[in-house]
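Single-structure report; data block below.
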Amino acid sequence: MKVQIEDKEFSCFLEYEQIKKRTRLLGIQLNVDYEKRVPVFIGVLNGSFLFMADLMKEVHIPAEISFIKVSSYHGQDTTSGTVKSVIGLDIDLKGRDVVIVEDIVDTGITLSYLVDVLKEKEAASIAICTLLLKPQSLQRELEEIAYVGFEIPNEFVVGYGLDYKGLGRNLRDIYRFVSAPSET
Ligand code: 5GP
Ligand code: MG
Ligand code: MG
């Protein structure tokens, strides 16, 4: 199956049934690892909204669920040119076991920033649960990545929360970029 979004064509890469199966296993692992603790699952918006919803249906231990957003804007006084900030972090994380829920880890830059922010809040532990990971693209050492749905090649993907130009988040399956459609 193929979909076209704006100027690009995408073909099916991971079907929802596969995602659900894998998510169920991640849930089982989390239930075991966090038994007797009350973790806080923190989803990173917007991309994680569907994964979080499906993952939480597989988590049967007491848990808190919250969402944040990492915003980037271009500043002029940093070497990277990009300044980030975290929006919506309104839970006291001191002494808590935090699980960050992400749609995808690409370079890892966003997450390593987020982990640093959460460490300042004195969480007891921080783990990352990401649906997708692009190992070849990773530029940061992130020992916190404990739960990975699928390792994927270094290709642009869309659907199931992930967008292209703001579109495609509502697609049920995950698609990968194939080509720009031929001109007609
Ligand atoms: P990172 O900081 O790890 O490079 O990636 C941060 C963000 O880039 C992800 O949360 C996601 O929003 C976006 N991103 C990275 N790779 C992809 C991709 O293949 N498809 C889409 N739609 N977004 C991506
Ligand atoms: Mg994300
Ligand atoms: Mg995006």
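Any read-out appearing in this document is the output of simple, stated calculations on the displayed coordinates, not a laboratory observation. Just so it is clear, the model here is predicted, and its values are computed rather than measured. Cβ sites come from the backbone with ideal geometry, for glycine too, and all protein chains shown count toward neighbours.
Odds and ends about this structure:
- Angle in degrees between helix 109-120 and the longest Cα principal axis of the chain, rounded to the nearest 10: 10
- Between 0 and 90°, nearest 10: helix 16-33 axis offset from the chain longest Cα axis: 10
- For the chain, the calculated P(r) over all alpha carbon pairs, in 5 Å bins from 0 to the bin holding the longest distance, is 1, 7, 16, 19, 20, 16, 10, 6, 3, 1, 0, 0, 0 percent.
- Computed from the Cβ-Cβ distance with R0 of 41 Å, the FRET efficiency linking GLU17 to SER66 stands at 0.90.
- Cα-based reach from LYS36 at 21 Å (exclusive), listing lysines while leaving out same-chain residues under 8 positions away: LYS57, LYS94
- Computed over region 77-169, the ratio Rg/Rh where both radii use C-alpha atoms and Rh is Kirkwood: 0.98
- Between GLU155 and ASP116, the distance separating the two model label sites (each 7 Å from Cα on the Cα→Cβ line) works out to 3.3 nm.
- DSSP beta bridges confined to region 1-134 are antiparallel in about 35 percent of cases.
- Amide H within-cut-off set for ARG169, under 5 Å, with H built and near neighbours excluded: TYR164
- Neighbours of LYS165 by Cβ distance under 12 Å: Lys/Arg scored +1, Asp/Glu scored -1, total -1.
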